[in-house]
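The values are calculated or read from the model by the stated rules, or taken from the named source; none is laboratory data. Computed from a predicted model, the values in this text were never measured in an experiment. Cβ: placed from backbone, ideal geometry, glycine included. Neighbour counts: every protein chain shown.
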Amino acid sequence: MNELPANVKQGLRAFKQGEYFSAHEFFEDAWRETPDSSREFFRSLLQISGGFYRLTEDRPRAAKKFFHRALHWLQFFSNNHMGMDVENIRSLLTQLIDDIDAGQPSKDIIKQHADQIAWESQGHST
């Protein structure tokens, strides 16, 4: 499977627009509908969007749990899975967790990091 499913593309667009709950729903649909190993990759995306949604609710501890789960699911994938920059995503998740542990305000974390996720590897776009 090389091409991202339509609901993943919709989820990425929603995430980029700051619509984290909608993104979570799109990624969850992809996770439920995918029969192969990419299913767990989509699970990591739904965890990331869920974490950002929790940050919008100013629930950093809950967000941290989502980010840890995303890191868990990402460990099974190469640095470029389906054209997505997995290494960048892992790095950002680690930074998000560090910022939460440092006590940074949720709104500052969102502002600083939401646009930093380089979802696509070079040559790919959503």
- Item | Residue, nearest to Asp85 (Cα to Cα), within the range 15-36, restricted to residues that are without any contact (Cβ under 8 Å) to a residue 24 or more places away in the chain and among the hydrophobic types (A, V, I, L, M, F, W, C) | Phe27
- Task: Examine the range 29-44 for a residue that is more than 11 Å from Trp73 (Cβ to Cβ) and crowded, with 21+ Cβ neighbours inside 10 Å, and state whether such a residue exists.
- Result: yes
- Message: Let me confirm something: among Arg61, Arg13, which residue is modelled with pLDDT of 95 or more and either outside any helix (DSSP H, G or I) or basic (Lys, Arg) (or both)?
- Response: Arg61
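Of Leu96, Leu92, Leu4, which residue is more than 10 Å from the chain's Cα centre (by Cα), crowded, with 17+ Cβ neighbours inside 10 Å and under 16 Å from Ile110 (Cα atoms)?
Result of the check over Leu96, Leu92, Leu4: Leu96.
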- Would a scan of the range 57-64 turn up a residue that is under 12 Å from the mean Cα position of the chain (by Cα) and without any contact (Cβ under 8 Å) to a residue 12 or more places away in the chain? no
- Message: With modelled with pLDDT of 95 or more and of a type in the set (Gly, Ala, Ser) as the only criterion, which of Ser91, Ser38, Ser22 stands out?
- Response: Ser22
- Task: Scan the range 72-102 for residues that are hydrophobic (A, V, I, L, M, F, W, C) and in a loop (DSSP other than H, G, I, E, B) and report the count.
- Result: 4
- Item | Output for the range 16-28, where each listed residue is of a type in the set (Asp, Glu) and either assigned to a helix (DSSP H, G or I) or buried (at least 22 other Cβ atoms within 10 Å of the Cβ) (or both) | Glu25, Glu28
